[in-house]
1. If you take the residues of segment 95-152 that are within 30 Å of residue 209 (Cα to Cα) and out of contact with any strand residue (DSSP E or B) (no Cβ under 9 Å at 6 or more places or on another chain), which of them is modelled with the lowest pLDDT?
2. Any residue in segment 224-236 that's closer than 19 Å to residue 192 by Cα and assigned by the TED database to the domain that holds residue 197: show its pairings with residues that are modelled with pLDDT of 85 or more and surrounded by 10 or more Cβ atoms within 10 Å (Cβ to Cβ) at Cβ separation under 7 Å, as long as the two are six or more apart or on different chains.
3. Evaluate the following for residue 22: is it farther than 19 Å from residue 114 by Cβ, touching a strand residue (DSSP E or B) at 6+ places or on another chain (Cβ under 8 Å) and modelled with pLDDT under 85?
């Protein structure tokens, strides 16, 4: 009986979320669920950006619903307070999952301010058997991969990844962050879309510089992807 009630409760939660997805006004707080997959494992991060000019004191709730609509439905939650300075981006929650064959997992990231829901994001993860369209069986739009060798390269990749997934949540492009180690002048960072080199710069172990480089790279990659999409739409007219 308890299992049946859990299934009903989870279905209601998902239904309410879907119905009110577009009802929340813009508040300057942007939540984003990012997913990195390695084989059957999925690393989930809840990332929040403050686009407003105000210091914000907020509460996040990360809800993971497994096997929706089945007798094996499950629900896990994380909830905590956090704060964001203007223009700050912060990872507020992380969770590692094992996605089994034919799993259907829904992830919700809810943001509250003074007890009121002000922003949300939703992702659905599916793992299907023998599906050639899905890398490692995990269905996720777009992919950002890295081939870096140093802490500088890893830090740049982390900054780039968070900003890129916030600005391009529906991208279906393969983006690559690569590093070539240098001597004396720092390490060379390259960002490619498919095989097109879009951004290249030397980087040093300086957090402020790395964040600035990552933001610049995200801007150029976003512009490149939008231009490719415009060209694709133009070709469809002929």
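The values are calculated or read from the model by the stated rules, or taken from the named source; none is laboratory data. Computed from a predicted structure; not experimentally measured. Neighbour counts are summed over all protein chains in view; Cβ atoms, including those assigned to glycine, are modelled from backbone coordinates with ideal geometry.
1. Result: 141.
2. 224/193; 224/198; 225/193
3. It is false that residue 22 is farther than 19 Å from residue 114 by Cβ, touching a strand residue (DSSP E or B) at 6+ places or on another chain (Cβ under 8 Å) and modelled with pLDDT under 85.
Rundown of residues vs (1) in contact with a helix residue (DSSP H, G or I) (Cβ under 7 Å, 6 or more places away or on another chain); (2) assigned to a loop (DSSP other than H, G, I, E, B); (3) modelled with pLDDT of 90 or more; (4) not assigned by the TED database to the domain that holds residue 114, yes/no style:
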| residue | (1), (2), (3), (4) |
| --- | --- |
| 45 | no, no, no, no |
| 48 | no, no, yes, no |
| 54 | no, yes, yes, no |
| 57 | no, no, yes, no |
| 62 | no, no, yes, no |
| 65 | yes, no, no, no |
| 72 | no, yes, no, no |
| 75 | yes, no, no, no |
| 79 | no, no, yes, no |
